[in-house]
Amino acid sequence: MEQNEFWKLISLIDQEALDDCDDEEAVAPIVSVLSSKTEEEISLFQEYLSQALYAIDGQKWIEESGESSGSGDGFLYARCFVVAKGYEHYTKVLNNPSLMPKSSEQWAESILYVAGQAWAELTGNDEEEYEREATVSYESFSNVALW
């Protein structure tokens, strides 16, 4: 899987469900498609997701996050929403932090679990056993260079 395929998978997100604050329903199409891929491709999805979230983990973005700026988790879920809105929106926010979501209703925590759910469907293992390893951490305040 290359990065452009990652963004093609992201484009499968049900934007209507996402805007209705049903992020679990919104990401279901990705889980369905990703679970038919290989374990390596699922790991690459997790890597690209982590990289995208890491790139917008910084002071400039949290200052523009409105209600989500009050906690590390809220800021993470707001960044997840930015990714879930697709490549074009993500690129705009990357280049202009003032476009960060301002409301706690604009969260997409469920995108964090897509790879684990797909892996569980593929392997028959429990999702909790999936190791969400990547070369960078998606957790808030991990990208030291941007803080």
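For the reader, a short list of remarks on this structure follows.
- Members of the stretch 94-113 that are buried (at least 22 other Cβ atoms within 10 Å of the Cβ), part of a helix (DSSP H, G or I) and not small (Gly, Ala, Ser): 111
- Some residue of the stretch 61-73 being at pLDDT 95 or above, charged (D, E, K, R), within 12 Å of the chain's Cα centre (by Cα) and closer than 19 Å to residue 110 by Cβ: no
- Flag for residue 99 being hydrophobic (A, V, I, L, M, F, W, C) and touching a Ser or Thr at 6+ places or on another chain (Cβ under 8 Å): no
- In a residue-by-residue description of the stretch 32-51, the property of being more than 22 Å from residue 129 (Cα to Cα) and of a type in the set (Gly, Ala, Ser) applies to no position.
- Matching residues, the stretch 85-101, being within 18 Å of residue 111 (Cα to Cα) and of a type in the set (Gly, Ala, Ser): 86
- Any helices (runs of 4 or more DSSP H) falling wholly within the stretch 1-77 and containing at least 3 residues that are among the polar types (S, T, N, Q) and crowded, with 17+ Cβ neighbours inside 10 Å: 39-55
- For the criterion of being farther than 25 Å from residue 121 by Cα, in contact (Cβ under 8 Å) with a residue 24 or more places away in the chain and buried (at least 22 other Cβ atoms within 10 Å of the Cβ), residue 82 passes.
- Which listed residue is closer than 18 Å to residue 29 by Cβ, more than 14 Å from the chain's Cα centre (by Cα) and touching a residue at least 40 places away in the same chain (Cβ under 8 Å), from 122, 146, 112: 122
- Scoring residue 57 on the criteria (1) under 23 Å from residue 4 (Cα atoms); (2) free of Cβ contacts under 8 Å to residues at least 12 places away in the same chain; (3) acidic (Asp, Glu) leaves a single failure, condition (2).
The values are calculated or read from the model by the stated rules, or taken from the named source; none is laboratory data. Keep in mind that this is a model prediction, so the values were computed, not measured. Reconstructed Cβ throughout: ideal geometry from the backbone, glycine too, with neighbour counts over all protein chains shown.
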